[in-house]
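Novice: Submitted below is the structure of interest, expressed as structure tokens.
The values are calculated or read from the model by the stated rules, or taken from the named source; none is laboratory data. Just so it is clear, the model here is predicted, and its values are computed rather than measured. No Cβ is skipped: glycine too gets one built from the backbone with ideal geometry, and neighbour counts run over all protein chains shown. Accessible surface areas use protein heavy atoms only, side chains included; no ligands, DNA or RNA. Shrake-Rupley method; radii C 1.70, N 1.55, O 1.52, S 1.80 Å.
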Amino acid sequence: MKVRGSSTMDAPRAAVFAAICDPDALLGVIPGCREIEKVGDTEYRGKISLRLPGVVGTYRTVVRLVESDPPSYGRLEGELDGTLGTLTGSATFRLAESGTGTRIDYDGQAVIGGPLARLDARFAEGLAGSLIRQGLHNLDARLTADPSAGGSSDHGNTTREMPA
């Protein structure tokens, strides 16, 4: 599965990059994210609950920022694991000044395993693209409402959970 796209946000590049690395921001913007914990300088673990055709369930996830050049570039690697299958992949994102905001370009690929692998490739790519676009829209809305929401404080190893 491959995904690629771009989005423009009404926030400075440094704020966008900081939000991508902030567990509080991620919890509020990743579709279905129920829990997230920063377990190292560049590693996050969490749970995502999805109610989409063919992928209903709760999935454990691990994401690592394996390469970065703040506030311009990052490369992520991650895994998603649940009763319906697994997803292992990597993605890069590039942030560039764009007028008064920031343009984010992303490119990723993943391998799907287990029952999830039975999904039509175009359908899976469409779902992934839709979730990414929704997450980026949520991030833009969060940053527009509160430009300091990208956070720059030390979050330690605290677990955060979304209210039920």
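Novice: Using the structure shown, decide if G54 is small (G, A, S), farther than 23 Å from A141 by Cα and in contact with a Leu (Cβ under 6 Å, 6 or more places away or on another chain).
Specialist: Details: small (G, A, S): yes; farther than 23 Å from A141 by Cα: yes; in contact with a Leu (Cβ under 6 Å, 6 or more places away or on another chain): yes.
Yes.
Novice: Checking A25 against (1) in contact with a Ser or Thr (Cβ under 7 Å, 6 or more places away or on another chain); (2) among the small types (G, A, S); (3) over 18 Å from R103 (Cβ atoms), which test does it fail?
Specialist: Every listed condition holds for A25 apart from (1).
Novice: Could you please find all residues in segment 27-54 being part of a strand (DSSP E or B) and either over 13 Å from the mean Cα position of the chain (by Cα) or over 27 Å from R94 (Cβ atoms) (or both)? Even if it seems obvious, please write down each step before you answer.
Specialist: Here is the first cut: in segment 27-54, the ones part of a strand (DSSP E or B) are 33-38, 43-50.
Of everything in segment 27-54, those that are part of a strand (DSSP E or B) and either over 13 Å from the mean Cα position of the chain (by Cα) or over 27 Å from R94 (Cβ atoms) (or both) turn out to be R34, E35, E37, K38, K47, S49, L50.
Novice: Identify all residues within segment 67-98 that are touching a helix residue (DSSP H, G or I) at 6+ places or on another chain (Cβ under 7 Å), open to solvent by 70 Å² or more (accessible area, probe 1.4 Å) and of a type outside the set (D, E); write none if there are none.
Specialist: Correct list: P70 only.
Novice: Residues in segment 8-26: is at least one open to solvent by 60 Å² or more (accessible area, probe 1.4 Å) and part of a strand (DSSP E or B)?
Specialist: yes
Novice: I've got another one for you. So which residues in segment 54-74 are free of Cβ contacts under 8 Å to residues at least 40 places away in the same chain and within 20 Å of I112 (Cβ to Cβ)?
Specialist: Across segment 54-74, the qualifying residues are V56, G57, T58, Y59, R60, T61, V62, V63, R64.
Novice: Condition check: β-branched (V, I, T), closer than 24 Å to D105 by Cβ and touching a Cys at 6+ places or on another chain (Cβ under 6 Å). Does I48 satisfy that? Steps first, please.
Specialist: Values: β-branched (V, I, T): yes; closer than 24 Å to D105 by Cβ: yes; touching a Cys at 6+ places or on another chain (Cβ under 6 Å): yes.
So I48 fits the description; yes.
Novice: Quick one: is D69 under 18 Å from P31 (Cα atoms) and not small (G, A, S)? Please lay out each step first, then the result.
Specialist: Numbers: under 18 Å from P31 (Cα atoms): no; not small (G, A, S): yes.
Against the criterion (under 18 Å from P31 (Cα atoms) and not small (G, A, S)), D69 does not qualify.
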